[in-house]
Each structure stands twice: as C-alpha cells, then as structure tokens.
Amino acid sequence: MIGIGMPMSQSRMPRMMSLQGVDALAERGADAAAHGDHRFVSAAARRGMALALMALLMAAGCETDPVGRHLWGFGDPVRGAALYAPRNLGDTSRWAGQPAGAAQAAAQLEFLAAELRTSPRYAPAVNPGVVQQLELARAEMRQFLGIAPDAAPQTVITALRNAAEALRGGNRDLAVRILDAPAFTAGPLVTLARLEAMPRLPRTAAAANLVANEINRLDNRRV
C-alpha cells in the first residue's frame, strides 16, 4: 500500500474506558461548557459522549446499528461506523449463523466506503490509502454476497439494513423479498445463504482496522 502502514491489530486499538472514566470526561465537558471553554467542549465532550455510548452498548451486549445517529442526534455516524469497524468487520466469521448481524455489517462497510470518498467533512482529510482499502473491501464483500459491482451504494445500504431489520424480527420471507432486487445478482436465496455462512474476509478485516486507526488519527489532530 502506498503512503500507509500495515494495519494495527485490534489489541493496539485504544482500550474502552470504564463507565466511571467516561462519566468523568463527560462531566469535565459539562463544566467547561458552563465556564465558556468551548474549545474543550468541542474535543473532550464530543469524545466523552461517543465513548459513553460505546461503553454502555458494549456493556449491555446490544447489537446496534453503528451507522445510526448516536446520542439523540449529537453523534457522528461516520465516526461511529469507523470506530465499530474492527468489532463488526475485523473478523466477519463472527456473524456465521447470524444473518441479521452479517447484513448490518455489510451495510456498515458500504456506508464507510461511500462516505469517506464523498463526505465534505472526511473526504479532504482522510488518507487516500484508507479509502482505497475500503473500496477493495467493499468489492470483496459484494463479490461474496452476490451484489453487482456497479450497484449504487445507497441502494445496497438500504436493502441490507431493511433485510437485517426483517431478520431480527424473524421475518425471513420479508428479507427474501427485500433482497430480490436487481442489485443482488446472485438471487435473494443465495445472498441470504451467504449471509448465514459469512466467512472471514481478509481485505475487509484489513480495512476495518485501518479506518478505525484513521479516525483516531483525525481525532488526535483536532485536539
């Protein structure tokens, strides 16, 4: 890869803060806001809120949509998807037998590849090598699931998220109907079977670690 190092292992990712530590950071942000220190609020409070959400969700063991808006709309969906990438995409074989989770993870990858290429906030700042690796990972995921290489990202994201929701609700027939679309060239039953037997995808694993590290780099640069 040009201009980018080997992906860091998940063991070198920043450790999850305790809930007490998250609370303390959030309280510092609130105190700074009360005293007009907006520079601290923009850095520490933002981190405190995001880390609080991540800690609470992981402690509860919830399966969540990392692309969704966090903390009642204050969170950044791109940042959330990136920081959750090692967990959800670092080893996609974790979703074997869990097609809803696999579909949500595939949608997360689609979202990251599209947003980091086009987002006015992130596209100018992100290392192009990370974007390239995400696009290679997306191609790998699409090939495995039977998705057309030229399918519009939003079409794929919407279908995968809706299929995940249907599967979580126990409505397999609805999921099949959702995946019965031109973008899913292998056919809905094949795609669903592959979601149920998701293997580890090496390009996806590498991209997952890279994008999380890149967002942490950008966070550190803003402080």
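Read-outs throughout are calculated quantities, based only on the coordinates presented, and are distinct from any laboratory measurement. Being a predicted model, the structure only gives us computed values, none of them experimental. Counting neighbours? That spans all protein chains shown, and the Cβs are built from the backbone with ideal geometry, glycine included.
Once you place label points 7 Å from the Cα toward the Cβ at residue 203 and residue 118, how far apart are they in nm?
Rounded to a tenth, the inter-label distance reads 2.0 nm.
Which percent of Cα-Cα pairs in region 75-136 sits in each 10 Å bin, short to long?
22, 52, 22, 4
With a cut-off of 8 Å between alpha carbons and a minimum separation of six or more residues, what is the relative contact order of region 144-201 in percent? Spell out each step's value before the answer.
Numbers: 52 pairs, mean separation 24.0, N = 58.
Relative contact order comes out at 41 percent.
Take the alpha carbon atoms of region 88-117, find their center, do the same for region 164-181, and report the distance between the two centers in whole angstrom.
That distance is 16 Å.
Can you check what the Kirkwood hydrodynamic radius comes to for region 75-223, Cα pairs only, in Å to one decimal?
15.2
What number, in percent, do you get for the relative contact order of region 65-223 if the mean sequence gap of Cα pairs under 8 Å and at least 6 apart is divided by its residue count?
36
Loop only per DSSP, at most 15 neighbouring Cβ atoms within 10 Å: give me the trypsin sites (Lys or Arg not before Pro) in region 96-153, ordered by residue number.
121
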